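The values are calculated or read from the model by the stated rules, or taken from the named source; none is laboratory data. Keep in mind that this is a model prediction, so the values were computed, not measured. Quick reminder, even Gly has a Cβ in these numbers, built from the backbone with ideal geometry, and neighbours come from all protein chains shown. Side chains are part of the model used for accessible areas, which takes the heavy atoms of the whole protein and leaves out ligands, DNA and RNA. Shrake-Rupley method; radii C 1.70, N 1.55, O 1.52, S 1.80 Å.
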Amino acid sequence: MSQKALKEAFISNLNGTSLLEISAGLSLPPLCLLCRGLLLILHYLHHGKPVRSRKYSLLLDFLVLVSPLLFSCTVLSPIIFFIPIILAAFCAGIFFRIYSQRKREARAPFGQIVKEFQEARLDPESIPAITVFRVYINVLTSISILAVDFPQYPRRYAKAETYGTGVMDLGVGAFIFGNALVCPEVRQKSPTTRPRFSSLARQLFAVWPLLSLGVGRLLSVKSIGYHEHTSEYGVHWNFFFTLALVRLTASLLLAIFPKHKAWLVAVALAVLYQLLLSSTSLKGFILHGSDGSGSRLGFLDANREGLLSLCGYLAIYLASVQVGLWLLQRRGSVREWLEALRGLALALVALWVLLQLCQMCTEPVSRRMANLPFCTWVLAHCLLLLGFFVLTDLTLVFTKLLVRGSSVPCCWNVVQLPNSRKKHGMEAVGRQDKLSQLCLISAINKNQLLFFLLANVMTGAVNILIDTIHSKAAFTLCILHLYMFFNCLVMYILHDRNIVLKFW
């Protein structure tokens, strides 16, 4: 077999992994974020000042926020269920060290601290969990698109051929989910003061970079003979085209229907699409082509997976718009966000039950078709990850209240504390200065599309220069760390110089 054919076979005909293993993996990013925050607070407790060195800040962020994910999806994947336990125990140890030292400094009862924590007022203009969610989806995607070409990346994590739940299958849907959370329809604060189709006009201008990137990827892949997984999107289609058309179509639908009813449109679309898959020959066409033997004749036949899966991705996008609108409801106190967490948990349970029913009554999860079970699965696990991040942020807020003056980048600011706080000799958490905000998450968030594009270019370069399939574990880890560190370093330098490469 040629090298191209060998690599295509290496990422084809796979069946995914279990929902439990994916859930265990989703707990790692929030635990890494919690660990980073607790270490910064502990440093402040010992030294009386935050980390001021840009070099050490980047190194800490990379080693704590990124490196554990690289290990967990390669050499440590056989013990993936133990890694969250180890990280949680490590975080608990740091927290109790902070609490014990703080307790000697201020003798406020624990119950009083908890009460004041619940009554604390948070910055209502910022929801760090949304930013962190979008950044981590980008980071996890960047890791997986290169790691999947190495033998140390478990085949069960790669995209399933037809049915199955692979980690990379979830990543595609989560990317759609993250984009919808911050779309113009969600961020628009005064819908009555703008024309009905203003968001659609903005999206028409905003998606041209995605279309350009899609065309660029198509031409570059075909011109250099780069290996492709044809059943993923088709012969000419790719994810950039999917994302652009989903955003455009969603904006059109949200201009026609009230955006607070987006979930109804999403349900109707997903159910109708599933009925067509189950009761017509549409499923057979997607899986086997127009002649039943996998033909790729004509544009529709050649790109049937990418074109027809738009229905499922559009349903995910619209449902995610509803989630974004709900999250952006004004909540100013910790108590209100704890109630919001309860709402997320109830929605998660409902989606989990619905997922089991969908698979029993229709068919298993299929990213290739983007069927109803796939949409339900993506929404359930995205809400799970988002809930983890909200819980992490609240835990860091509680810890910051124990240490006067401490700050954690990309975490809620406490803007007001109860009056009883002064009585116990405890102060509000100060706002973060510019230097303390120089963190990897903020850096990637400023240039997310550039980060994703750079990761794709670097992935292609590594595959062209290196025989990834026959690489040893040590070499694989070295390459993956260098690849991710380079991508992160570029974003960090741009952020440090306040450069945002976005002109649309």
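Details
- Under 11 Å from a label point set 7 Å out along the Cα-to-Cβ vector of His481, the amide N atoms of segment 38-69 belong to 63, 67-68.
- Principal-axis analysis of the Cα atoms of the chain puts helix 167-181 at an angle of about 70° to the longest axis.
- Crossing angle, helix 208-224 versus the chain [Cα axis fit, 0-90 degrees, rounded to tens]: 60 degrees
- Here r is the Cβ-Cβ distance between Leu275 and His46 and R0 is 51 Å; the resulting FRET efficiency, rounded to 0.05, is 0.25.
- For peptides 485-493, 459-467, 441-449, sequence by mean Cβ density within 10 Å, most packed first: 441-449, 485-493, 459-467
- Square roots of five times the Cα gyration tensor eigenvalues for segment 191-318, Å: 29, 22, 9
- When only the Cβ of Lys, Arg, Asp and Glu is charged (+1, +1, -1, -1), the dipole of segment 246-354 relative to its Cα centre reaches about 400 debye.
- Fully extended contour minus Cα-Cα distance, from Asp123 to Glu8, at 0.36 nm per residue: 36.5 nm
- Carbon/sulfur fraction of accessible area - segment 1-97, other protein chains in place, 1.4 Å, %: 70 percent
- The spread of Cα positions in segment 239-384, taken along each principal axis and listed from longest to shortest, comes to 59, 34, 23 Å.
- Nearest-0.05 FRET efficiency for Ala473 and Ser18, computed from C-beta distance (R0 25 Å): 0.55
- In this structure the chain gives 43 Å² per residue of accessible area when probed at 1.4 Å with all protein chains present.
- Stretchable slack from Tyr56 to Phe299, in nm (0.36 nm times residue separation minus alpha-carbon distance): 82.3 nm
- Extended-chain gain in nm, criterion 0.36 nm per residue less alpha-carbon gap, Ile256 and Ala350: 31.0 nm
- Two-decimal log10 I(q)/I(0) for the chain, as the Debye equation yields it once each C-alpha is a single scatterer, q = 0.05, 0.09 Å⁻¹: -0.20, -0.65
- Highest to lowest packing among 150-160, 362-372, scored as the average C-beta count within 10 Å: 362-372, 150-160
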